[in-house]
1. Taking a ≥ b ≥ c as the square roots of the eigenvalues of the Cα gyration tensor of the range 42-153, is the shape rounded (a/c under 1.5), prolate (a/b larger than b/c) or oblate?
2. Return a whole-number percent for the relative contact order of the range 24-148, with Cα pairs under 8 Å and 6 or more residues apart as the contact set.
3. Just the C-alpha atoms of the range 33-84: what Rg/Rh do they give, with Rh taken as the Kirkwood radius?
4. Pop a pseudo-label 7 angstrom from the Cα along the beta-carbon direction at both Q37 and R124 and give the gap in nm to one decimal.
Amino acid sequence: MTTKRNALFFFGLLAGAISTGSVWAHGNVTPTAVETQGLTPIKQAGVPLDADGWAAVNPYRKSPEQGKAIEVGASAYNQNCAACHGLEAKSGGIAPDLRMLDEGDVGDEWFVERVRNGAVRDGRVYMPKMADYLSQEALWAVRTYLDSVHVEE
């Protein structure tokens, strides 16, 4: 009887582990459109652009519309990033804590790389290419929001 009970217990645990696998998966977030009205379009923001038209630095960081960018960015973050990176950018340990991104241009470079290319390892998508879904204005607003909640490690 004990062997049968142990076998049932083992297969029950195995079935539970298999069925909860999607709970721990990343990259299954369906991006939500973001309204960026009130933010200067990137091409008119007066910052350097790369060959693909991407801003090299955050155009809203020290602009008069920084407050609006933080507001738009907070909303965009909550809709598109919080599921993996945590509410208020406080990670629960599954994805990086975005409050600890480098500040300034160095952090901007990493941010652009990640939102344009996503994160894929061993064929698994850990973060989608958010630039495929959200405008640069929305993504730079998210970066501005993340700057506003920055903490040192």
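Only the coordinates and a few stated rules stand behind these numbers; no lab work does. Fair warning: this is a prediction, and the values are worked out from it, not measured in the lab. Note: ideal-geometry Cβ built from the backbone for every residue, glycine included; neighbour counts use all protein chains shown.
1. Oblate, since a/c reaches 1.5 and b/c is not below a/b.
2. Reported as a whole number, the value is 36 percent.
3. Here Rg/Rh amounts to 1.00.
4. Taking the simple label geometry, Q37 and R124 are separated by 4.2 nm.
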